[in-house]
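Input: a single structure, listed below in structure tokens.
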Amino acid sequence: MLAFGQLDESTHHRDQQKEKAGPVTVINTLLAPEGKEDEVVAAWTADAEYMKKSGSLLSVQLYRGIAGSRLFTNVAVWKSTEHLREALGTPEFASYVDSYPDGTVAYPHLYQKIAVEGICEGE
């Protein structure tokens, strides 16, 4: 089963979901239990396939740490926090959370693009 951690104790992921914003990017770092990396990828794949069916997931990409790292990072862009909340609030999604190997920890956080003049564009 997937456990959830916080990278920023001042801003809980559940509180972020209550904000009305969009589009939003979920950056979720997963720590796989030793020797269970393939199981984490399999669970994430099923989870992502389900989320893509919602029609509100604009893009998704999974990254894996190199050199034997057990870290994975999921970057997913959603139409809005409301769409994300709807997808996360279903019984089907809860079953995907249960499919991760015991000891897997997720650190999700929501972001929006910002503009930095001469470097990158905002929304």
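A short reminder: the numbers here are calculations on the coordinates, not readings from a lab. For clarity, every value in this text was computed on a predicted model and none was experimentally measured. Heads up, the Cβs are rebuilt from the backbone with ideal geometry, glycines too, and the neighbour counts pull from every protein chain shown.
Amide H contacts of Arg64: Thr73, each under 5 Å away and 5 or more positions distant or on a separate chain (H built 1.01 Å from N in the peptide plane; Pro and chain starts excluded).
Applied to region 73-80, the Karplus parametrisation 6.51 cos²θ - 1.76 cosθ + 1.60 on θ = phi - 60° returns per-residue 3J(HN,Hα) values of 10, 9, 10, 10, 9, 10, 4, 6 Hz, with x for Gly and Pro. Counting only residues at least eight positions apart within a chain, or on another chain, the lysines with an alpha carbon under 28 Å from that of Lys18 are Lys52, Lys53, Lys79, Lys113. Listed values for region 95-106 are Karplus-derived 3J(HN,Hα) couplings in whole Hz (6.51 cos²θ - 1.76 cosθ + 1.60, θ = phi - 60°), namely 5, 5, 4, 5, 7, 6, x, 3, x, 6, 10, 10, and x replaces Gly and Pro. Net length available on complete extension from Val41 to Gln61 is 6.0 nm, with 0.36 nm assigned per residue and the Cα-Cα distance removed. The trypsin sites (Lys or Arg not before Pro) of region 12-114 that meet both conditions, a loop assignment by DSSP and at most 13 other Cβ atoms within 10 Å of the site Cβ, are Lys20, Lys53, Lys113.
Loop-located GluC sites (Glu not before Pro) in region 1-65 (DSSP state not H, G, I, E or B) with no more than 10 neighbouring Cβ atoms inside 10 Å: Glu9, Glu34. The HN-Hα couplings worked out from phi for region 54-60 by the Karplus form 6.51 cos²θ - 1.76 cosθ + 1.60 (θ = phi - 60°) are 5, x, 9, 8, 7, 7, 8 Hz, whole numbers, x standing for Gly and Pro. Pairwise alpha-carbon distances in region 41-111 exceed 21 Å for 24% of all pairs. For the chain, the 222 nm mean residue ellipticity estimated from helices alone, with every DSSP H stretch of n ≥ 4 adding -39500 (n - 2.57) and the total spread over all residues, rounds to -9000 deg cm²/dmol.
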